[in-house]
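Take a look at the structure set out below.
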Amino acid sequence: MEFVGTNEDEKYMKDAYRQAKKAYALGEVPIGCVIVHEGKAIGRGYNRRNTDKSTLAHAEITAIKRASKVIGDWRLEECTMYVTLEPCQMCAGAIVQARIPRVVMACMNPKAGCGGSVLNILDMPQFNHQVETVRGVMEEECSALLKTFFKELRIRNKLEKEVTEKI
Ligand SMILES: [Zn+2]
């Protein structure tokens, strides 16, 4: 089911946005995530897939690992996840596995998202856990950061190609 965001949601999404900027600074696709429990951020993560050379280094997985360490349980039953981009199939699966009850997303990812775009793994009646979702919190900022990243990446790739062709 889909719900509307609150002021609290904006506050924590700002934190997730700061995480996304860390990924951006590393030249990674800027995606950030924060997990909040009883008003406190207990797990943060940002995309480090290229840096760590790992498929598992998505922002959400890192945040889940850290939050579980703090809680001392794989179940994150009283937590809310804030993520700047709709989760992929792996992360949406991990969210369901961790029993996270609520996920707040900034932007949707029409080509790969599994929180309602390609699939909605977060809300499958066949699974034993469904996640309440909120969309569009700080969408403009998070989407602008992604667009800037991909624009710069295209320019970099074009320049690299030109240089290679001249050698
Ligand atoms: Zn993912």
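Overview of results
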| item | result |
| --- | --- |
| Residue in segment 22-46 that is farthest from the ligand (Cβ to nearest atom), counting only those that are open to solvent by less than 50 Å² (accessible area, probe 1.4 Å), assigned to a strand (DSSP E or B) and in contact with a Lys or Arg (Cβ under 9 Å, 6 or more places away or on another chain) | Ile42 |
| Selection count, segment 74-115, where residues are more than 10 Å from the ligand (Cβ to nearest atom) and under 16 Å from Ile42 (Cβ atoms) | 16 |
| Sole exception among (1) within 21 Å of Val34 (Cβ to Cβ); (2) open to solvent by less than 90 Å² (accessible area, probe 1.4 Å) for Glu140, by number | (2) |
| Selection within segment 71-96 - in a loop (DSSP other than H, G, I, E, B) and either open to solvent by less than 50 Å² (accessible area, probe 1.4 Å) or touching a residue at least 60 places away in the same chain (Cβ under 8 Å) (or both) | Leu76, Glu86, Pro87, Cys88 |
| Cβ pairs under 6 Å, 6+ apart, first in segment 47-70 and at negative phi and away from the ligand (no atom under 13 Å from the Cβ), second of a type in the set (Val, Ile, Thr) and not in a helix (DSSP H, G or I) | Ala67/Ile35; Ala67/Ile42; Val70/Ile42 |
| Selected residue (only one of Lys147, Lys111 is over 22 Å from Asn7 (Cβ atoms), open to solvent by 90 Å² or more (accessible area, probe 1.4 Å) and not in a helix (DSSP H, G or I)) | Lys111 |
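The values are calculated or read from the model by the stated rules, or taken from the named source; none is laboratory data. The structure presented is a predicted model; accordingly, all values stated were derived computationally and were not measured. Counting neighbours? That spans all protein chains shown, and the Cβs are built from the backbone with ideal geometry, glycine included. For the accessible areas, the whole protein counts, side chains as well, though only heavy atoms, and no ligand, DNA or RNA atoms are used. Shrake-Rupley method; radii C 1.70, N 1.55, O 1.52, S 1.80 Å.
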